[in-house]
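Please treat every number below as a calculation from the coordinates, not as lab data. What you are looking at is a predicted structure, and each value in this text was computed from that prediction instead of being measured. A quick note on method: Cβ atoms are made from the backbone with ideal geometry, for glycine too, and the neighbour counts reach across all protein chains shown.
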Amino acid sequence: MAGVTDSSRGGFSNKIGFILAAAGSAVGLGNIWKFPFEVADGGGGAFVMMYLCFCFLLCFPVMMAEIAIGRKTNKNAVGAFSANGHKNWSWVGKMGVLSGALILSFYNVVAGWALGFAIEMFSGNFELGKNFGDFVGNWQLNLSFSTVFMFLTIYIVMKGVSGGIEKASKILMPSLLFLILSLMGYALTQDGAWSGVEFYLIPDFSEITFEVAFSAMGQAFFSLSLGMGALITYGSYVGKKDNIAQSTAMILLTDVGIAFIAGLMMFAFIYSQGLQGSGGGAGLIFTVLPSAFESLGPLLGRIIGGSFFVLLSFAALTSTVSLLEVPVAYVVDEFEIRRNRAVWLVGGVVFALGIPSMLGNGTVDFFTNFMTYSSGKTVSFMDFIENLASDTFLPLGGFFISIYTAWIWRGDNFKKEVEQGNPGFSKSFIGNYTIFALKYMAPIILGAITIVTIFNKFL
Ligand code: PFF
């Protein structure tokens with residue numbers, strides 16, 4: 001993210017800088033922590049199939065739209081709409097700011113778990129998986145880890161040292177991928193693993209409901225960091241000669257690829273350990289992986305287990321930086337507060353907002369059983385914020401960004417923007433498809449699923 005946090009509006013030093021930063025934002029807890037338990041809750045293969053369709057058919061055009069809006073206007077998520085002459089659309093950016101703050105509030109708590117698990121795995125505490133409930137119920141411990149994590153995020157966003165993070169990610173991201181691939185290979189050799197692969201890959205069409213589609217859609221947006229203007233902000237640093245379609249494809253393939261492999265690894269482990277149907281929820285990877293690491297032997301288990309959670313924490317950090325950047329950029333521009341102050345202010349508010357999520361895992365009953373939906377399901381404060389921000393606000397943001405791009409800014413202007421760095425785009429199949437998707441598909445599908453589910457689930 002070189003330059004993103006500089007006070008002078010620099011640009012990415014090169015194209016790969018942008019791709020790394022955007023992929024860094026995309027790849028995170030969403031791929032490795034959230035994706036597997038969403039798949040488990042959503043009935044397996046049917047969820048995966050819907051998720052892939054959303055990513056490639058809808059999120060690809062929306063991602064291009066966000067990047068193009070950012071590059072065109074050189075502004076943050078809120079300012080971009082005003083700068084483009086549509087001030088009355090800037091509330092879409094404001095909704096993004098709110099989503100970013102809400103998502104970061106619980107994301108930071110889970111990132112704290114990853115940090116805690118790294119330490120515990122290095123020290124060989126493989127029993128932790130069985131005692132996950134006690135771990136998350138220990139609020140002092142969680143408060144410490146999430147404080148550390150928020151400080152790290154604040155430090156990076158404040159100092160604008162994300163260039164260093166980007167450089168580190170050139171080594172650490174491939175290491176994470178390598179580790180997941182190796183673990184996947186190992187998992188597949190375990191007894192019973194292939195039943196997990198079947199559950200993961202073979203869709204049971206009877207599982208497809210509006211509610212499952214809603215979660216798959218939310219997951220696609222969350223995982224790709226879409227719908228809240230993070231990529232508008234990042235896009236504002238992209239050079240005019242860069243090929244937006246190609247960069248989008250690379251970011252998307254990296255993100256989906258990592259989630260897909262992580263899912264394979266997880267379901268092979270879940271089934272080989274006989275944990276299917278145990279409804280792991282947000283604790284899934286934290287309960288399943290420690291015993292998988294233990295099976296590698298005491299020394300290797302510690303090294304691999306500890307490294308896995310360190311790399312996961314790093315992946316989370318490149319995402320929290322982008323989550324914090326969106327509200328900070330807004331506060332700096334809108335209220336003319338100095339950047340350093342804004343970072344502390346927003347970071348502090350978001351951290352406080354995360355405390356109920358931290359306490360809602362058994363510590364305080366009110367936050368643990370926070371709300372009962374009309375479907376009868378009782379959820380914790382953290383689940384509620386996640387349902388609200390990532391499953392509802394992000395696709396809704398995508399819905400408005402699509403309408404804005406295709407109908408307000410207009411398809412021709414969007415095409416003109418993308419043409420720079422990608423001559424021939426307008427007449428290509430991808431170009432025509434993108435416009436069609438932004439004009440009709442995204443508004444209809446995203447709108448319909450969101451509205452139907454809100455009525456069915458929440459009201
Ligand atoms: N995409 C991140 C993940 O999958 O972990 C989460 C995220 C980051 C969502 C940034 C939204 C965002 F703007």
Inset, instruction - Send over the per residue convex hull volume for segment 15-458, Cα only, as a whole number of Å³. - result: 129
Legend entry - Order of K72, K241 under a 10 Å beta carbon neighbour criterion, fewest first: K241, K72
Legend entry - Cα-centred dipole magnitude for the chain, charges only on beta-carbon of K, R (+1) and D, E (-1), debye, nearest 20: 1660
Legend entry - Two-site FRET efficiency, F205 against Y155, from Cβ-Cβ distance with R₀ of 35 Å, rounded to 0.05: 0.15
Inset, instruction - Compute the length gained on full extension between N138 and H86: take 0.36 nm times their separation in residues and subtract their Cα-Cα distance, giving the result in nm to one decimal. - result: 13.9 nm
Inset, instruction - Among D41, D242, rank each residue by its count of other Cβ atoms within 10 Å, from fewest to most, as a rough exposure measure. - result: D41, D242
Inset, instruction - Report the relative contact order of the chain, percent, no decimals, based on alpha-carbon pairs under 8 angstrom and at least 6 residues apart. - result: 32
Inset, instruction - Would you mind computing, in nm to one decimal, how far apart the modelled labels at E198 and S182 are, each placed 7 Å from Cα along Cα→Cβ? - result: 3.1
Legend entry - Difference of contour (0.36 nm per residue) and Cα-Cα distance, T372 to T189: 61.8 nm
Inset, instruction - Would you kindly state how much longer the chain becomes between N413 and F122 on full extension, computed as 0.36 nm times their sequence separation minus their alpha carbon distance, in nm to one decimal? - result: 99.4 nm
Inset, instruction - Could you sort out which of K159/K240; K72/K170; K72/K167; K94/K416; K34/K427 sit more than 31 Å apart by Cα distance in this structure? - result: K34/K427
Inset, instruction - With a length cut of 27 Å (Cα positions projected on each helix's long axis) and a Kyte-Doolittle mean of at least -0.5, go through the chain and give me the DSSP H helices that pass. - result: 90-122, 139-159, 162-188, 244-272, 298-335, 339-359
Inset, instruction - With the convex hull built on the Cα atoms of segment 195-265, state its orientation-averaged projected area in nm². - result: 6.1
Legend entry - Helix-only [θ]222 nm of the chain, DSSP H runs n ≥ 4, -39500 (n - 2.57) each, per residue, nearest 500: -22000 deg cm²/dmol
